[in-house]
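To start, the structure itself, in structure tokens.
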């Protein structure tokens, strides 16, 4: 009963947790470089999960192949995606544009699903994909329109990095669906964070100073991204992938930009236009079409 109840509300909880990633990147930006912060985040998340596994006598994967698949999935789901988002935001890419890039994931997933996992996409789901993207564009159009033309060239590299991160998490979703189908979620997520740390550390060491300014804001941000994001949100994502179709899990990404906008209203005192609110409703309708049961 408890497990079925969690599955029922998991999508909504996942959307709320995952959408805070952009705000967390902005909160950490003044006090740390992105890859350094993320590397420490992965290490701490792995240690916390290892402690939980030890206290609860969780059985770890024993086969080398299973361990390897968990590590590789962590590189895709954690290292590539979060590094792409955080690096791009901390190097000048507006949060709104980063949200648009992330919202493209369901379209890429829908295009690849028939070829990679033999997953059929119905006509109503295709309609949901297009409807959701139109809604996202409406939500983010004011921010995109305010970007000066002379600053477009300065966001090309961060935009490319963000796109690479989006591709990484898309491939990671398929990889997780195909190769990481068993094992305790706590142990698997711990191994994923180990894989992400191993992948991110060399780049942080080579390109950054590896320094973090510790204060209350930094500590709270780190605590949130470790517990709420690396453990809570990613654990829910893995659970959703295991219990649902890949395209339906990915379609939840459409709700991220509207959620970021709502958080900006209450946390940053920003305002929402009528067009943005209409876009949120259209986005929700599109998500409903994609994630509904066949």
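Just so it is clear, none of the values below were taken in a lab; they were calculated from the coordinates. Bear in mind the structure is a predicted one, so any value in this text is a computation, not a measurement. Every residue, glycine among them, receives a Cβ derived from its backbone with ideal geometry; neighbour counts consider all protein chains shown.
Take the Cα of residue 213, go 7 Å toward its beta carbon, and the backbone nitrogen atoms of the range 31-49 under 18 Å from that spot belong to 31-38.
If the chain linking residue 227 and residue 277 were pulled fully straight, counting 0.36 nm for each residue of separation and taking away their Cα-Cα distance, it would gain 14.9 nm. Neighbour counts of other Cβ atoms within 10 Å put 224, 22, 86, 60 in the fewest-to-most order 60, 224, 22, 86. Report the gain in length on full extension from residue 265 to residue 126: 0.36 nm times residue separation, minus Cα-Cα distance, nm rounded to one decimal. Extra length available between residue 265 and residue 126 comes to 46.9 nm.
Extension gain for residue 8-residue 156 works out to 49.3 nm (0.36 nm per residue, less the C-alpha to C-alpha distance). Using a cutoff of 8 angstrom between alpha carbon atoms and counting only pairs six or more residues apart, the relative contact order for the range 2-291 works out to 41 percent. Adding -39500 (n - 2.57) for every DSSP H run of four residues or longer, then dividing by how many residues the chain holds, sets the calculated 222 nm ellipticity at -23500 deg cm²/dmol.
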